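The values are calculated or read from the model by the stated rules, or taken from the named source; none is laboratory data. Bear in mind the structure is a predicted one, so any value in this text is a computation, not a measurement. Heads up, the Cβs are rebuilt from the backbone with ideal geometry, glycines too, and the neighbour counts pull from every protein chain shown. Surface accessibility is based on the protein's heavy atoms, side chains included, excluding ligands, DNA and RNA. Shrake-Rupley method; radii C 1.70, N 1.55, O 1.52, S 1.80 Å.
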Amino acid sequence: MAQAGNARAGGAQAVRSLERAFELLEHLADAGGEMALSELTEVSGLPMPTIYRLMRTLVNHGYVRQEPSKRYALGPRLIRLGEGASRLLGTWARPALARLVDEVGETANMAVLEGDEVVYVAQAPSRHSMRMFTEVGRRVQPHCTGVGKALLSLLPEPTVRGILARTGMAAQTPRTITDADALVAELARVRERGYAVDDEEQEVGVRCVAVPLPGAPTLTAISVSGPSVRLTAEAVTDIVPVMRAAAERFTRELGPS
């Protein structure tokens, strides 16, 4: 009986250590991928020796690396896990996007932010003969797309300006926003109303409306796109509540983030 009790205690301790290790990885991610041991101690509330032991284990397995400055950073082995999860996210999203198409009648997309670019991970096409099509896996700049604006609206302004400085703000159409200050002001409006619009800024004759996914494990947005003659300002007003409900439903289906 004593051995069985010790086994249960040891198992519970192992599970708790695993939970703490995941919590530390999430703290690193929330801080931009890099923190000092003292900072991890402050945000986690764990004793420094406990954090040190867990971080050494994560370093040994490649999930965390230690910089010459002694700060801890997310490690390269997480990239493979993240890429696999991103591909699965698109697979999981297809039924939700298909339901959205049934409700609004236009093409629905899902996209994530990878580095400085927007990547489309899933799409469900409209049944209209004239419809929008975006290849899954396509990478675009965020400043001129609905999903890009929705994703940028989730980031702090300095991070947004850094992305814009690195990618540039090329004019895809005469309506593309090419000034960083103007886009930052637009993102403030996106946060206030809860959705973003690409008003023929990526492609002439095409309008797109996008909403971010609340609580998704990575920066994610869904969009509905169609010809401007069908996807009017009035249509956007009607579609946004449906999209928000779809985004919240899909986030719940993903489970705890």
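State the volume of the convex hull built on the alpha-carbon positions of segment 15-68, expressed per residue in Å³ and rounded to an integer.
Measuring per residue, one finds 76 Å³ for the Cα hull of segment 15-68.
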remark   = Computed over the chain, the relative contact order (Cα-Cα under 8 Å, seq sep at least six) in percent reads 14
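How do the peptides 120-126, 162-168, 151-157 rank, highest first, by the average count of neighbouring beta carbon atoms within 10 Å per residue?
Taking the mean over residues of other Cβ atoms within 10 Å, the ranking is 120-126, 151-157, 162-168.
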remark   = Rounded to the nearest 10 degrees, the helix 180-193 long axis (Cα) sits at an angle to the longest Cα principal axis of the chain of 80
query = What is the set of long-range amide H partners of Ala216 at a cut-off below 5 Å, with H atoms built 1.01 Å from backbone N?
reply = none
task = Determine, for each peptide in 230-238, 20-28, the mean count of other beta carbons within 10 angstrom over its residues, then list the peptides with the highest first.
result = 20-28, 230-238
request  = Report in % the part of the accessible area of the chain that belongs to carbon and sulfur, leaving out ligands and nucleic acids; probe 1.4 Å.
outcome  = 55
query = Tell me, what HN-Hα J-couplings in whole Hz come from the Karplus equation 6.51 cos²θ - 1.76 cosθ + 1.60 at θ = phi - 60° for each residue of segment 50-56, using x for Gly and Pro?
reply = 5, 4, 4, 5, 5, 5, 5
ask   = Going from most exposed to least, what order do Val140, Val59 have by accessible area with a 1.4 Å probe?
value = Val59, Val140
query = How many percent of the alpha carbon pairs in the chain exceed a separation of 33 Å?
reply = 31
key: Angle between the chain longest axis and helix 2-30 axis [Cα atoms, degrees, rounded to 10]   = 40
ask   = Put a dot 7 Å past each Cα toward the Cβ at Glu114 and Thr50; how far apart are the dots in nm?
value = 3.7
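How would segment 132-233 be classified by its alpha-carbon gyration tensor: rounded, prolate or oblate, with rounded meaning a/c under 1.5 and the a/b versus b/c comparison settling the rest?
Rounded.
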key: ³J(HN,Hα) computed for each position of segment 156-162 - Karplus, 6.51 cos²θ - 1.76 cosθ + 1.60, integer Hz, glycine/proline x   = x, 4, x, 5, 4, 5, x
request  = Note the full-extension length gain between Glu192 and Glu103 as 0.36 nm times their separation in residues minus their Cα-Cα distance, in nm to one decimal.
outcome  = 29.5 nm
